[in-house]
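> I am attaching a structure below and will ask some questions about it afterwards.
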Amino acid sequence: MFSLRGLKLSEVKNETLAGFVVAVSMIPEAVGFSLVAGLSPIVGLHTAFIIGLVTALFGGKPGMVSGAAGSIVVVLMSLAAQHGMGYVLWATIFAGVIQILIGVFRLGKFIRLVPLPAVHGFVNGLAIVIMLAQLHMIAGQGPLMYGLVLLAILVVVLFPKLTKIIPSSLAALIVVSAVAIGFNLHTLRVGDLADISGALPHFSLPVAPFNAEMLKVVLPYAVVIALVGLIESLLTMTVLDEMGNQKGNGNRESIAQGAGNTICGLFGCFAGCAMIGQSIINFTSGGRGRISGTVGAILLILFVVSLSGYIGLLPVAALAGIMLVVCYNTFEWSSLRRLRRMPKADVLVMLIVTVITIFTDLAVAVISGVIISALVFAWQQARIRIREHKTQGDLTVYKLDGPLFFGSAATFAELFNPENDPQNVVLDFAGTRVMDSSGVEAIDKLTARYVDAGKTIRLRHLSNDCVSLLKKAGPFCSHELDDPHYYVAEDTL
């Protein structure tokens, strides 16, 4: 938790002010993301308070801010629409437990296995989905609504050129609200969409029954929520690490985020994760420790409890304008500029994941992206060949090149014709790595073919661990003193 030793008074002041900026900047996005999910705005504010406080106190990166994030909201949209809030709470609880287990067993590094084209794909799809949700909210509301949305966008874009003391999203909220309320404009307000009566979150178990049917629906969402939340949090941590030259603890962050999401589910809130926008605002405002995040979370809930009546007066146009700018900034425009230089397989993965995200949901998109990328990688790596072939008298030496695994096992078998080879054959595996049991089995079967043909075969440069797995070929292995160390995938190294 806190380490106040050596902390200067000026640092405490900067942390406190940064926390205030974070608190007020969280309100429009927490409310906006709640509305995107079709939930009460107060739910998003409670989520921002609970997970923001837990991760601020116990997270792996001081200064990183967590709250109600759009990437997770998009996952929850279809679940909330089809099954209701009870299933959302169960998904949040299970996602939190999964994240805790990932941190406890130090599995955070495996989150990095999600390939960059897949990340760009679901981020771009996420931005498009949120944009479509905003357009649906303001469609048919008339010129006044469109004018206020445009005003909010202009303030968000232009305000940072005047000053960066106040977040531009907060400035847009203040300006548009002042115009709408000051001139008593008849435009859609947050209070017209849902009940926003403020109160402290309270403990309550999900109303949905705990049974096999619920688990069948909820668990896939919980897994994706956990993974998407950790991906976004670890990416945010990487950005802050580069800004502050101090590395965070990913596994500790996983445990803290999991604990925060579990508590959220038990207190009637949906899941959250780190928010890169608020984290950078906090970091650049002087919030480098745990005080700023803690102050921000506490002030946020005080605003909700004391000023909830005023939140209902906020014009939806202000939130929609802010969210449209968030969508624009979320979209990975650089990925479009790199399309011509990207490998075709990466372009295919990115486009497929984007389309799946738009027309189904982020859960299916993330899983599909990982599977497609893995298959593409396996296809690209399934290239084993005979690099060198020397025959002298009744001896032939084959020097192999490329990985031997399930994807290349069939090709490996087709490289050789025992009936046409001379009496003595040597297979040199110095340039080949045996990756899995399929590769081991392929060696065994090839050895058996040569033995059945009455030929003598020797296998060189196979590591000891590989030889120990061979049943038929093991006796035919030879080892030179300069053997390189090659390991089968099963090896703990």
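> Right, residue 326: in a helix (DSSP H, G or I) and at pLDDT 80 or above or not?
Taking the combined requirement at face value, the residue does not satisfy it.
So that you can scan it fast, the table gives a plain yes or no per residue for (1) among the aliphatic types (A, V, I, L, M); (2) within 18 Å of residue 57 (Cβ to Cβ); (3) in contact with a strand residue (DSSP E or B) (Cβ under 9 Å, 6 or more places away or on another chain):
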site	(1), (2), (3)
239	yes, no, no
252	no, yes, no
290	no, yes, no
298	yes, yes, no
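> Of all residues in the stretch 133-144, which are modelled with pLDDT under 85 and touching a helix residue (DSSP H, G or I) at 6+ places or on another chain (Cβ under 8 Å)? Walk me through it before giving the result.
Going through the stretch 133-144, the residues modelled with pLDDT under 85 turn out to be 133-134, 136-137.
Residues satisfying the conditions are 133, 134, 137.
> Something else: Determine whether residue 38 is within 23 Å of residue 218 (Cβ to Cβ), open to solvent by 40 Å² or more (accessible area, probe 1.4 Å), small (Gly, Ala, Ser) and assigned to a loop (DSSP other than H, G, I, E, B).
So residue 38 fits the description; yes.
> Enumerate the pairs (first residue in the stretch 314-340 and closer than 21 Å to residue 71 by Cα; second residue anywhere and buried (at least 18 other Cβ atoms within 10 Å of the Cβ) and aromatic (Phe, Trp, Tyr)) with beta-carbon separation below 9 Å, excluding pairs fewer than 6 apart on the same chain, so at least 6 apart or on different chains.
Short answer, once both residue conditions are applied: 323/33.
> Would you call residue 50 open to solvent by less than 20 Å² (accessible area, probe 1.4 Å), in a helix (DSSP H, G or I) and under 19 Å from residue 282 (Cβ atoms)?
Yes; evaluated as a whole, the condition is true for this residue.
> Let me ask another. Looking only at the stretch 312-324, which residues are more than 10 Å from residue 173 (Cβ to Cβ), aliphatic (A, V, I, L, M) and open to solvent by less than 20 Å² (accessible area, probe 1.4 Å)?
Passing the criteria: 316, 317, 320, 323.
> Examine the stretch 8-15 for a residue that is out of contact with any strand residue (DSSP E or B) (no Cβ under 6 Å at 6 or more places or on another chain), touching a residue at least 12 places away in the same chain (Cβ under 8 Å) and under 28 Å from residue 251 (Cβ atoms), and state whether such a residue exists. Spell out the reasoning first.
Kept after step one, since they are out of contact with any strand residue (DSSP E or B) (no Cβ under 6 Å at 6 or more places or on another chain), are these residues of the stretch 8-15: 8-15.
Retained after the next criterion (residues that are touching a residue at least 12 places away in the same chain (Cβ under 8 Å)): 11-12, 14-15.
Next, only the ones that are under 28 Å from residue 251 (Cβ atoms) stay: 11, 15.
Looking for residues that are out of contact with any strand residue (DSSP E or B) (no Cβ under 6 Å at 6 or more places or on another chain), touching a residue at least 12 places away in the same chain (Cβ under 8 Å) and under 28 Å from residue 251 (Cβ atoms), one finds at least one in the stretch 8-15, hence yes.
> While we're here: Within the stretch 224-240, is there a residue that is modelled with pLDDT of 90 or more and surrounded by fewer than 22 Cβ atoms within 10 Å (Cβ to Cβ)?
No, that holds for no residue.
> Can you find even one residue in the stretch 79-88 that is polar (S, T, N, Q) and touching a residue at least 60 places away in the same chain (Cβ under 8 Å)? Walk me through it before giving the result.
First pass over the stretch 79-88, keeping only residues polar (S, T, N, Q): 82.
Among the residues that remain, those that are also touching a residue at least 60 places away in the same chain (Cβ under 8 Å) are: none.
No, that holds for no residue.
> Is one or more of the residues making up the stretch 434-456 in a loop (DSSP other than H, G, I, E, B), crowded, with 16+ Cβ neighbours inside 10 Å and in contact (Cβ under 8 Å) with a residue 40 or more places away in the chain?
yes
> May I ask you to list pairs of residues, at least six apart or on different chains, whose Cβ atoms are under 9 Å apart, with the first in the stretch 230-241 being under 15 Å from residue 67 (Cα atoms) and the second being modelled with pLDDT under 80 and polar (S, T, N, Q)?
Listed by first residue and then by second, the contacts come to 231/71; 232/71.
> Which residues, counting only those in the stretch 10-35, are more than 19 Å from residue 310 (Cβ to Cβ), surrounded by fewer than 24 Cβ atoms within 10 Å (Cβ to Cβ) and not aliphatic (A, V, I, L, M)?
10, 11, 13, 14, 16
> Right, next: Does the stretch 64-78 contain any residue that is open to solvent by 20 Å² or more (accessible area, probe 1.4 Å), touching a Pro at 6+ places or on another chain (Cβ under 9 Å) and among the hydroxyl-bearing types (Ser, Thr, Tyr)?
For the stretch 64-78, residues open to solvent by 20 Å² or more (accessible area, probe 1.4 Å), touching a Pro at 6+ places or on another chain (Cβ under 9 Å) and among the hydroxyl-bearing types (Ser, Thr, Tyr): absent.
> Given (1) open to solvent by less than 30 Å² (accessible area, probe 1.4 Å); (2) modelled with pLDDT of 90 or more, identify the lone condition not met by residue 251.
It is condition (1) that residue 251 fails.
> I've got another one for you. In this structure, does residue 278 turn out to be without any contact (Cβ under 8 Å) to a residue 40 or more places away in the chain, more than 13 Å from the chain's Cα centre (by Cα) and under 27 Å from residue 24 (Cβ atoms)?
Spelling it out, it is not the case that residue 278 is without any contact (Cβ under 8 Å) to a residue 40 or more places away in the chain, more than 13 Å from the chain's Cα centre (by Cα) and under 27 Å from residue 24 (Cβ atoms).
> Which of the following residues is among the hydrophobic types (A, V, I, L, M, F, W, C), within 21 Å of residue 89 (Cβ to Cβ) and touching a Phe, Trp or Tyr at 6+ places or on another chain (Cβ under 6 Å): 223, 218?
218 is the lone residue from the list that is among the hydrophobic types (A, V, I, L, M, F, W, C), within 21 Å of residue 89 (Cβ to Cβ) and touching a Phe, Trp or Tyr at 6+ places or on another chain (Cβ under 6 Å).
The values are calculated or read from the model by the stated rules, or taken from the named source; none is laboratory data. Note that the structure is predicted; figures quoted are calculated from it, not measured. When we count neighbours, we look across all protein chains shown, and the Cβ atoms used for this are built from the backbone with ideal geometry, even at glycine. The protein model used for the area step is the full one, side chains on, heavy atoms only, and it has no ligands, DNA or RNA in it. Shrake-Rupley method; radii C 1.70, N 1.55, O 1.52, S 1.80 Å.
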